[in-house]
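Please treat every number below as a calculation from the coordinates, not as lab data. As the structure is a prediction and not an experimental result, all values here were calculated from the model. Cβ placement follows ideal geometry from the backbone for every residue including glycine, while neighbour counts extend to all protein chains displayed.
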Amino acid sequence: MDKLAIIGGRPLYGDLRISGAKNSALKVMAACLLTADKLILDEVPDLADVRQLLVLLDNHGVKAERDGQRLTLDAGHISSTTAPYEIVRKMRASFNVLGPILAREGHAKVSLPGGCAIGARPVNFHLMAFEAMGAKIELEEGYVLAEAPAGGLKGAVVDLPFPSVGATEHVMMTACLANGTTIINNAAREPELTDLADCLNAMGGKVEGAGTSQITIQGVSSLHGAQHEVVADRIELGSYAMAVGATGGEVLLERGRRDLLGVAADILDECGLSLVDEEGGLRVSRWGTPTVSQSVVTEPYPGLATDLQAQFMALMSKGDGVATIKETVFENRFMHVPELCRLGANISVDGQTATVKGVPSLKGAEVMATDLRASMSLIIAALSAEGQTMISRVYHLDRGFERLDEKLRQMGALIERVKDD
């Protein structure tokens, strides 16, 4: 099992290209099941989760070809409408093949998903929406059995109890092939949703309002092939911006934009960072001045993303002052706190709120990653710490950050991937 060895205390400099968003790539990949034509996707990151979804798509008969960052998907014939447990359990996003297969084939059998250890993330919102669209839903031995009515799925008004990203995306895809109009109220507003809508519209879909709390989808009889470039990963963008904040320096994050970060960009401004949109991307810098502690609350976009909470906590660990960080999206998402404290951070947790008292310096130590975002928080802390930090269980990182150690070395970081003894 690999570890990452990091010697901290070096500022970051240079230009770095931000990969396509994993959370968007997985959904537009699933959208290939909506058409018999080829879907060509550019800027698809080569990540463990992407490779895992390709395994599932292959199970359904999808032919895939990768050429660098370009992925060509051909679902001309869906050979199986069943998504088995042994594949779906490895990644929650696999569940999103249910709607496209149901809409195109009229029936689907998909295992209930597994997922990260960050609290309950039920799929009942998804199933509620499909039932509103006329589907018959049954649960049997851990599988969802979905059957469309004889005339196909029909448009419906879907009122989401919470602006769930996964449910909004899943309903939006499925509604493209339903009869009539579907309206999603209390829809999620994340940039990945807008990216998926752009892809669906390029395929001949009629999706309006993505990026707002109400999305309208006019169903069409069929979708066609298209070419689409996956939006830049805002979590990777925010993570590297915070790494620059923690170490100092200046980096141009190519393909990045302030608006992708939502209010996180304004928060980082208040912390003392400079984030400036340029033609080539987002330029991030911090020179000489200490990081100013800021209190935050995680919220759905455009609020501070829960997927940036752990990284922001690492940034605040050396902040000038005291910061409170309230996690409102997922429970059990402070598992990185004990590991940050091993590096010398002063953090206490009370329920869903963490209090971070900035310290003058962090010290390198051996730490263990607990999940994907926690892994990145430890890297940010290690980059700013004195001495060497050894991070184990970094396989989490390979699920969400493409060529992370290579990209950090490109910016001047001293980081190496080593084999565990």
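This ranking places Thr247, Thr72 by how few other beta-carbon atoms lie within 10 Å of each, fewest first, which gives Thr72, Thr247.
Considering helices alone, the calculated mean residue ellipticity of the chain at 222 nm is -8500 deg cm²/dmol, with DSSP H runs of length four and up weighted by -39500 (n - 2.57) and normalised per residue. Among Cys271, Cys199, the order by Cβ neighbours within 10 angstrom, fewest to most, reads Cys271, Cys199. Shape class of segment 22-229 from the Cα gyration tensor (axes a ≥ b ≥ c, square roots of the eigenvalues): rounded, since a/c falls below 1.5. Candidates Ala210, His170, Asn124 compared by Cα position along the dipole of segment 22-229: farthest toward the positive end lies Asn124, with charges placed on Cβ. Placing unit charges on the Cβ atoms only, positive for Lys and Arg and negative for Asp and Glu, gives the chain a dipole magnitude near 400 debye about its Cα centre. Taking Leu139, Leu397, Leu53 as the candidate residues, the one with maximal mean-square fluctuation in a Gaussian network model of the chain, Cα springs under 10 Å, is Leu139. Protection proxy ranking for 373-380, 79-86, using the average of other Cβ atoms within 10 Å per residue and placing the highest first: 373-380, 79-86.
Most tightly packed first, judged by the mean number of other beta-carbon atoms within 10 Å of their residues, the peptides 46-52, 169-175, 190-196 read 169-175, 190-196, 46-52.
Working from Cα positions, state the angle (0 to 90°, nearest 10) between the long axis of helix 191-202 and the longest principal axis of the chain. Between helix and principal axis, roughly 40 degrees. Please go through the residue pairs Lys22/Lys407; Lys63/Lys206; Lys22/Lys206; Lys22/Lys357 and name each one whose alpha carbons sit more than 22 Å apart in this structure. From Lys22/Lys407; Lys63/Lys206; Lys22/Lys206; Lys22/Lys357, over 22 Å: Lys63/Lys206; Lys22/Lys206; Lys22/Lys357.
Each Lys and Arg Cβ is given +1 and each Asp and Glu Cβ -1; about its Cα centre, segment 22-229 then shows a dipole of about 200 debye. When the charge dipole of segment 21-108 is built from unit charges on Cβ atoms (+1 for Lys and Arg, -1 for Asp and Glu) and taken about the Cα centre, the candidate among Ile87, Val28, Gly68 whose Cα reaches farthest toward its positive end is Ile87. Dipole magnitude for segment 288-374: computed about the Cα centre from +1 point charges on Lys and Arg Cβ and -1 point charges on Asp and Glu Cβ, it is near 260 debye.
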